[in-house]
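Every number here is computed from the coordinates shown, using simple stated rules; none is lab data. Only a predicted model underlies this, so the values are computations on that prediction, with no experimental measurement involved. Note that each Cβ is placed from the backbone with ideal geometry, even for glycine, and that neighbours are counted across all protein chains shown.
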Amino acid sequence: MNLNVRLQSEQSATNDLPLVLIHGLFGSLDNLGVLARELKQYRHLIQIDVRNHGLSPRAPDMDYALMAQDVLDTLDGLGVERFNVIGHSMGGKIAMALTAQAPDRIAGLVVIDIAPVAYPTRHHDDIFAALQAVSDAGLTSRSDAAALMRQTLPEEGVIQFLLKSFHEGDWRFNVPVLWQCYAQIIGWQPQAPWPHPALFIRGERSHYLADEYRDALLAQFPQARAHVVTGAGHWVHAEKPDAVLRAIRRFFAL
C-alpha cells in the first residue's frame, strides 16, 4: 500500500540518509510536526500517514507486519533504499517492525515512549466511545463535537488532539477498523534481535516504557540505549520538545 506522505527539507539539509517520521494511534503525519520543524534543517524528512489514518488509504486489516510493509512500499515508490526512522507509540512499534522486515535498510532507530511488548490493558475504550458518540450524533462542528466528547473524556488535551482529525463530520481515521483491530495494535510478536543503534525515549510519568519491559526490549534491541525526559508523560515530544530534540540530535549526530 502506498501511503500519504509529506516531504520536507531546507537548503541546509544534507543528502545523508532521510528521516522517516511515523505517528501513533488516532494521529496523522502532523503529530510529529514539532520535531519536523527543526529536523528538516538537517535531513530530508518523510512524514507518513499510516493506513486507516489521515489521508492514507483505508483497509480492513491492521497489524504491524502490514503497516511496516506499507512504509516499505511507500519508500520504494519514492526511491528510498536506506533510511533512519523515528516513531511515537504505535508508530514506534511500526518502526520496530521495520527492523525485522528490512533490517539492512535501517541505519538508526528512535522509538518514542513504547516498548516491544504486548500490553495487557485497554487504555482507549473511553476514546472509542467518545468518537462513536460524535459519529452517531451526526455532528459537523468541532465545538459541538468537543462538548459531547467532554461527557466521556476528562482530558481537554486528548479531546483537542482527536479533533485535529475531525473534518466536516468525519473522522480521518477509520474508527470501526481501529476498534476491530485494537488487540493487534496493543499486541506484539517478539522478533529476532536487531543488532544496530536504537534510542528509546521515555516520558518519566508514562507507563509505556516501564522498567518491567527492559528485558524484552534488550532481547530484541541489544544495542538500545534509553533517555528519560523528566516531568513528561506519553506525549513526551509534545510536552518537552526541546529535550526530545536534543536526544535525537545527539543520537543521529545532527
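Things worth noting here:
- Debye log10 I(q)/I(0) for the chain, one point scatterer per Cα, at q = 0.10, 0.12 Å⁻¹: -0.46, -0.68
- For the chain, the longest piece that avoids every one of the GluC sites (Glu not before Pro) found in DSSP loops with at most 16 other C-beta atoms within 10 Å covers 82-154.
- Solution diffusion estimate, µm²/s, Stokes-Einstein, segment 172-254, Kirkwood Rh from C-alpha pairs, 37 °C, viscosity 0.692 mPa s: 224 µm²/s
- For q = 0.17, 0.21, 0.23 Å⁻¹, Debye-computed log10 I/I(0) when each Cα of segment 1-97 counts as one equal scatterer: -0.66, -1.01, -1.21
- Summing charges over all other residues whose Cβ lies under 12 Å from the Cβ of Ile106, with Lys and Arg as +1 and Asp and Glu as -1, gives 0.
- Excluding same-chain neighbours fewer than eight residues apart, the lysines reachable from Lys40 by a Cα-Cα span under 22 Å are Lys240.
- Charges were assigned to the Cβ only: +1 to each Lys and Arg, -1 to each Asp and Glu. The resulting dipole of the chain about its Cα centre is roughly 600 debye.
- Using bins of 5 Å that start at zero, the share of Cα-Cα pairs per bin across segment 95-154 amounts to 3, 14, 17, 12, 9, 10, 13, 11, 8, 2, in whole %.
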